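**Student:** Here's a structure for you.
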There are 2 protein chains.
Amino acid sequence: MPSPLKLALAELSEAKIAWRSDDADRVAYARDLFPRHHMAVRAGNVAAHPPSAVAWPTSTEQVATLVRWAIQHGVTLVPFGAGSGVCGGVLPTASSVVVDLKRMAAVRSLDVDRPTVTVEAGHMGLPFEEWLNHRGLSLGHFPSSILCSTVGGWVAARSAGQASGLYGKIEDMVVALECVTGRGDVARLVHRPNGPSLVPAFIGSEGTLAIVTAAKLRLHRAPTVRGFASWSFPSVRAGWEAMREMFQRGLRPAVLRLYDPFDAMLARSGRVRRRRRRDGGGSPTPGRGPAALRALLKRPKLLGELLESQAASAAFGGSLLVCIFDGHDERVFHDVARATAIATSGRGKPEGEAPARKWLLHRYSVSYRQAPLLAQGLFVDTMEVAATWSKLGALYEGVRRAIGSRAFVMAHLSHAYPDGCCIYFSFAGVAKPGAGAWDEACEARYDEIWRDALGAALAAGGTLAHHHGIGRSKAPRLGDEIGEGMKLQRALKRAFDPHGVLNPGALLPPIAPDPFTPDAFPSPFAGSVSP
Amino acid sequence: MPSPLKLALAELSEAKIAWRSDDADRVAYARDLFPRHHMAVRAGNVAAHPPSAVAWPTSTEQVATLVRWAIQHGVTLVPFGAGSGVCGGVLPTASSVVVDLKRMAAVRSLDVDRPTVTVEAGHMGLPFEEWLNHRGLSLGHFPSSILCSTVGGWVAARSAGQASGLYGKIEDMVVALECVTGRGDVARLVHRPNGPSLVPAFIGSEGTLAIVTAAKLRLHRAPTVRGFASWSFPSVRAGWEAMREMFQRGLRPAVLRLYDPFDAMLARSGRVRRRRRRDGGGSPTPGRGPAALRALLKRPKLLGELLESQAASAAFGGSLLVCIFDGHDERVFHDVARATAIATSGRGKPEGEAPARKWLLHRYSVSYRQAPLLAQGLFVDTMEVAATWSKLGALYEGVRRAIGSRAFVMAHLSHAYPDGCCIYFSFAGVAKPGAGAWDEACEARYDEIWRDALGAALAAGGTLAHHHGIGRSKAPRLGDEIGEGMKLQRALKRAFDPHGVLNPGALLPPIAPDPFTPDAFPSPFAGSVSP
């Protein structure tokens, strides 16, 4: 006799909605790129969180049908773009159906005068930008995941691209959203000049209030003139003071990235090849590999202290700041000159155009080959947090101090604003003293490092995240950041997803008598849930 | 025996909250500067909408106490800044208490590094900007109401200042809000880089979701270099094409204002003195007065047709575009040069710095002396609507066509963006064929003109408002603009003001079985409520 779920799924077939529930698809859609789950898979726990099925709607109406069907049958839905998230924003349960939006990928309209484009959520990133480039236009959004992420994913996770200095984050590009709320209503939200704007309440909501089906995005004329510059600084702090000065004096470099001494040394000498994943662009140059890293990482604290010394910093050539201005005329070169004047008056030493040009060439050279590192008992991860300028020093030092004895911590600063900056920490450590497989002890060690790193970021007055989202890995700490704001966030959840069918457990931590999270699962940081 | 209201008000005294209910205060707080109510007062209807009392809280906790008290006693609250609104955002009823925030005017903190300031809602505009200027800083927000508006009013009504081209609207300045929701909770909303942002859902909510008690605002270093330019164009359209080109090529003039031929002629010849109220800055030069205007306005259609002719446009010297760049160094002059290149390649004729300098000198020279005009049986009003560039022509022509036979319509374009622009219409007409007092016939004529003007704006794909807010005058049309968005807006109202105590009738039109609007009153455009 068919199960109730099979009967329910049969209704989807009647509605002409494509779906499958075979094991291969269920396992393929069981997670995103959250390293902890990646590691669990390596440990043989292949199907910890498989959904019951995967559906591929082709229209907004089909998405609405899916939501109403989910309400009716007590199923939860997990929206899915291209699965490049790194915070567990995608993590189904046995009572979930994953909704893959990639069959909704049409460009619906283009307004060249304005200019704006309306595109469906499932359009992949790079082909979309290329489609625009062929028409002399650009979205200006270049996350390093551009090869494996969708427009809908950018909106849902509140993505930032490498050129955010000029073009902003994705929220600065969205002028209208079409989505299906947890009530099964199609909502069209337009960013208007009058009245309250609801659009920002849905951007970054990670599929917990609505499933984004299409977005109207602000475009730019593709830049025709580009200016490059690089400078080295005696300290990270001297470098970021120059970044602050540039932004506060009104300069808007598309790209402005500051690497700390070790990060900059790697960038210069090319020691480690494609060391980073999901980074806002890899290191400027390629290098050697995990074995060297393992040797380095056996004594992270000593290594860290050594690298922090003035002598080491000088030997490595200090911190490196790379800068690219985009534009349409000679103003670009005026801006490069102004930026250079600011940098040199702040003890920056000109390093010419080469490092910036090299960075641009390798901007998407990020590696997804973690397996060799994991096989060595190593782990690597990244944490992008942000703070206002006056708190940046405390954030930079605090995170390094909190985890420096257990992991080697590098950092670069990208995504600057007049009021603050994002710090992108890369940390690497030996999860297991002897080389060996990833096991529960490694997992506990990894969780502990993350908990302490986030705790230090919050203690310094930083945010939990800048552009990777909250997902499930940071949700238990959200209350520590926004305090009473949780009440407002839950009020929104009640208003737009009263049945709790949309991506339960992402963004908002499950709370005990909470009707929104019928199939709450243990959080990886369960011990740190705020009261 | 004391009335229930008197007993309830006595509780406020016990809570040390200042209040009064004498007639002078009640009449003084009965309205804002919505011309229709101004006219009603002139007609002798002095106390159409007096509140039952006025309260002056001095702390956030007192505001929260007031909200909880209002819930308990079934009273509604109307938040009040300085009363400069022009859309009936303030309009109490007999069951309302007006909450004047002006005794909450402290600057709570200043972060010079970031730079940001936290200021209480009741701080008056100009003294606040001057306080910042003394510290080398600027908010960059210069509404022409700056002399008679508060920070809280700017946030609640989603204000725009004259330098929005560079600094944005108020929503671009708010990084955090403290407010008291309709549940009586103190909510602190921070614009964070991660997760959904609720701040924009409260900006522009006109006191219907929460009472803003304080705001943290992004600041700028006060500009030290300023560049001026002006050009005349053979047509308004040629002028706005130059504006579009400037913004789409990345230029950000702080001020960029285009006057249509008649508006520009007045600006040049100085015929009418301080002709406008609430305008984003008055005409560059002073002039004669209402009697001349009355003579002109007896045949608005003929006058309009005459002025639209090529010959007239040429005789008046065409449309005038004034431009001011703010900055800190020679980039300002590079920008003036780029803007000039764009203007002249679009048939703009350089007019030198003088018109822009003159505009700056008279930027706040707006007149509040409508009475002499009204005494002549004339009426004047302004309507600021916006559209994307491709719809701007339809908006400009549509509104003029819709009301041109009944009112003389002038326009200027300010507040440009890469994707569109605001059109600020000024219209003036003879409400009564013979000079005489304002009566019901005048009122009906005035309402009809507004209804048709807004209808034409919406039909052209424009918005109902750009920076004056929705208030009560435009609320009945909001559904025509945002459609299904009304459901989301009402869901927010239910979530944050479930008892309907906050400013009922503003922003959202009263709907029949709506628990939020217990004391709904007839809308001035009742006939045009959308279904």
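**Student:** Determine whether B:Ser197 is part of a loop (DSSP other than H, G, I, E, B), surrounded by 24 or more Cβ atoms within 10 Å (Cβ to Cβ), touching a helix residue (DSSP H, G or I) at 6+ places or on another chain (Cβ under 8 Å) and within 13 Å of chain A (Cβ to nearest Cβ). If you could, list the steps in order and put the result at the bottom.
**Tutor:** On the way: part of a loop (DSSP other than H, G, I, E, B): yes; surrounded by 24 or more Cβ atoms within 10 Å (Cβ to Cβ): no; touching a helix residue (DSSP H, G or I) at 6+ places or on another chain (Cβ under 8 Å): yes; within 13 Å of chain A (Cβ to nearest Cβ): yes.
No.
**Student:** Exactly one of these conditions fails for B:His191: (1) touching a Cys at 6+ places or on another chain (Cβ under 7 Å); (2) surrounded by fewer than 24 Cβ atoms within 10 Å (Cβ to Cβ). Give me its number.
**Tutor:** (1)
**Student:** Going through region A:221-275 one residue at a time, which ones are crowded, with 23+ Cβ neighbours inside 10 Å, among the basic types (Lys, Arg) and at pLDDT below 95?
**Tutor:** A:Arg275, the sole residue that qualifies.
**Student:** Continuing with the same structure: Give just the number: which of (1) under 23 Å from A:Gly398 (Cα atoms); (2) modelled with pLDDT of 95 or more does A:Leu502 not satisfy?
**Tutor:** (1)
**Student:** Pull up region A:140-162, narrow it to residues that are part of a loop (DSSP other than H, G, I, E, B) and within 13 Å of chain B (Cβ to nearest Cβ), then point me to the one that is farthest from A:Thr181 (Cα to Cα).
**Tutor:** A:Gly140
**Student:** Here's a follow-up. Scan region A:333-367 for residues that are hydroxyl-bearing (Ser, Thr, Tyr), away from every other protein chain (no Cβ under 14 Å) and over 23 Å from the mean Cα position of the chain (by Cα) and jot them down.
**Tutor:** If we filter region A:333-367 for residues that are hydroxyl-bearing (Ser, Thr, Tyr), which is where we start, we get A:340, A:344-345, A:364-365, A:367.
Still in the running and away from every other protein chain (no Cβ under 14 Å): A:344, A:364-365, A:367.
Within region A:333-367, A:Thr344 is the sole residue that qualifies.
**Student:** Let me ask something else. As an exercise: evaluate B:Gly182 against (1) closer than 27 Å to B:Val255 by Cα; (2) more than 7 Å from chain A (Cβ to nearest Cβ) and give the number of the one condition it does not meet.
**Tutor:** Result: B:Gly182 passes all but (1).
**Student:** Considering only region B:84-94, I want to know if a residue exists there that is part of a loop (DSSP other than H, G, I, E, B), hydrophobic (A, V, I, L, M, F, W, C), modelled with pLDDT under 95 and surrounded by fewer than 16 Cβ atoms within 10 Å (Cβ to Cβ).
**Tutor:** So far as region B:84-94 goes, yes, one or more of its residues are part of a loop (DSSP other than H, G, I, E, B), hydrophobic (A, V, I, L, M, F, W, C), modelled with pLDDT under 95 and surrounded by fewer than 16 Cβ atoms within 10 Å (Cβ to Cβ).
**Student:** Within region B:405-415, is there a residue that is within 14 Å of chain A (Cβ to nearest Cβ) and either at pLDDT below 95 or assigned to a helix (DSSP H, G or I) (or both)?
**Tutor:** yes
**Student:** Evaluate the following for B:Val112: is it of a type in the set (A, V, I, L, M), within 14 Å of another protein chain (Cβ to nearest Cβ) and buried (at least 24 other Cβ atoms within 10 Å of the Cβ)? Write out each step before concluding.
**Tutor:** Values: of a type in the set (A, V, I, L, M): yes; within 14 Å of another protein chain (Cβ to nearest Cβ): yes; buried (at least 24 other Cβ atoms within 10 Å of the Cβ): no.
So B:Val112 fails the test.
**Student:** Could you check region B:461-509 and list, in sequence order, the residues that are more than 17 Å from the chain's Cα centre (by Cα), buried (at least 21 other Cβ atoms within 10 Å of the Cβ) and more than 12 Å from chain A (Cβ to nearest Cβ)?
**Tutor:** B:Pro476, B:Gly500, B:Val501, B:Leu502, B:Asn503, B:Pro504, B:Gly505, B:Pro509
**Student:** Still on this model: Search region A:365-384 for residues that are under 11 Å from A:Met39 (Cα atoms) and modelled with pLDDT of 70 or more and pair each with any residue that is among the hydroxyl-bearing types (Ser, Thr, Tyr) and part of a helix (DSSP H, G or I) when their beta-carbon atoms are under 8 Å apart and the residues are at least 6 apart or on different chains.
**Tutor:** Every condition considered, the pairs that remain are A:Phe379/A:Tyr446.
**Student:** Still on this structure: Considering only region A:117-128, I want to know if a residue exists there that is within 14 Å of chain B (Cβ to nearest Cβ), farther than 26 Å from A:Gly505 by Cβ and surrounded by 22 or more Cβ atoms within 10 Å (Cβ to Cβ). Even if it seems obvious, please write down each step before you answer.
**Tutor:** Residues of region A:117-128 within 14 Å of chain B (Cβ to nearest Cβ): A:117-118.
Among the residues that remain, those that are also farther than 26 Å from A:Gly505 by Cβ are: A:117-118.
After this cut, where a residue has to be surrounded by 22 or more Cβ atoms within 10 Å (Cβ to Cβ) as well, the list is A:117.
Yes, that holds for at least one residue.
**Student:** Let me ask you something else. Can you name the residue in region A:165-176 that is within 20 Å of the chain's Cα centre (by Cα) and buried (at least 19 other Cβ atoms within 10 Å of the Cβ) and, of all such residues, is farthest from B:Thr463 (Cα to Cα)? Steps first, answer last, please.
**Tutor:** At the first step, the residues of region A:165-176 found to be within 20 Å of the chain's Cα centre (by Cα) are A:165-174.
Remaining after also requiring buried (at least 19 other Cβ atoms within 10 Å of the Cβ): A:165-167, A:169-171, A:173-174.
Values: A:Gly165: 30, A:Leu166: 28, A:Tyr167: 25, A:Lys169: 25, A:Ile170: 24, A:Glu171: 21, A:Met173: 19, A:Val174: 18 Å.
Among those residues, the one meeting the criterion is A:Gly165.
**Student:** Same structure, new question: If you check A:Leu217 against the conditions, is it in contact (Cβ under 8 Å) with a residue 12 or more places away in the chain, closer than 30 Å to A:Ala70 by Cα and not in a loop (DSSP other than H, G, I, E, B)? Show your work before the answer.
**Tutor:** On the way: in contact (Cβ under 8 Å) with a residue 12 or more places away in the chain: yes; closer than 30 Å to A:Ala70 by Cα: yes; not in a loop (DSSP other than H, G, I, E, B): yes.
For A:Leu217, the condition - in contact (Cβ under 8 Å) with a residue 12 or more places away in the chain, closer than 30 Å to A:Ala70 by Cα and not in a loop (DSSP other than H, G, I, E, B) - is met.
**Student:** Can you name every residue in region A:163-187 that is at negative phi and in a loop (DSSP other than H, G, I, E, B)? Can you show your working first?
**Tutor:** Step one: of region A:163-187, the residues at negative phi are A:163-167, A:169-183, A:185-187.
Within region A:163-187, A:Ala163, A:Lys169, A:Met173, A:Gly182, A:Arg183, A:Asp185 qualify.
**Student:** Which residues, taken from region B:211-223, are within 10 Å of chain A (Cβ to nearest Cβ) and either touching a Gly at 6+ places or on another chain (Cβ under 7 Å) or over 22 Å from B:Ala157 (Cα atoms) (or both)?
**Tutor:** B:His220, B:Arg221, B:Pro223, listed by residue number.
**Student:** Hey, another quick one. Return yes or no: is B:Thr208 among the polar types (S, T, N, Q), over 21 Å from B:Val255 (Cα atoms), in contact with an Asp or Glu (Cβ under 7 Å, 6 or more places away or on another chain) and within 11 Å of chain A (Cβ to nearest Cβ)? Steps first, please.
**Tutor:** Values: among the polar types (S, T, N, Q): yes; over 21 Å from B:Val255 (Cα atoms): yes; in contact with an Asp or Glu (Cβ under 7 Å, 6 or more places away or on another chain): yes; within 11 Å of chain A (Cβ to nearest Cβ): yes.
It is true that B:Thr208 is among the polar types (S, T, N, Q), over 21 Å from B:Val255 (Cα atoms), in contact with an Asp or Glu (Cβ under 7 Å, 6 or more places away or on another chain) and within 11 Å of chain A (Cβ to nearest Cβ).
**Student:** Residues in region B:40-74 that are in contact with a helix residue (DSSP H, G or I) (Cβ under 7 Å, 6 or more places away or on another chain) and buried (at least 21 other Cβ atoms within 10 Å of the Cβ): how many? Please lay out each step first, then the result.
**Tutor:** Of the residues in region B:40-74, the ones in contact with a helix residue (DSSP H, G or I) (Cβ under 7 Å, 6 or more places away or on another chain) are B:42, B:46-48, B:50-55, B:57, B:69, B:73.
Applying the additional criterion that residues be buried (at least 21 other Cβ atoms within 10 Å of the Cβ) yields B:50-55, B:57, B:69.
The number of residues fulfilling the criteria is 8.
**Student:** Is there any pair linking a residue in region B:230-251 that is within 11 Å of chain A (Cβ to nearest Cβ) to one that is aromatic (Phe, Trp, Tyr), with Cβ under 6 Å and at least six apart or on different chains, and which?
**Tutor:** Final answer for the pair search is B:Arg244/B:Trp389.
**Student:** Could you list, in sequence order, all residues of region A:200-214 that are part of a loop (DSSP other than H, G, I, E, B) and of a type outside the set (Asp, Glu)?
**Tutor:** First, pick out the residues of region A:200-214 that are part of a loop (DSSP other than H, G, I, E, B): A:203-209.
A:Ile203, A:Gly204, A:Ser205, A:Gly207, A:Thr208, A:Leu209, listed by residue number.
The values are calculated or read from the model by the stated rules, or taken from the named source; none is laboratory data. Predicted model, so just to flag it, every value in this text is computed and none were measured. For neighbour counting, all protein chains shown are included, and Cβ atoms are generated from backbone atoms with ideal geometry for every residue, glycine included.
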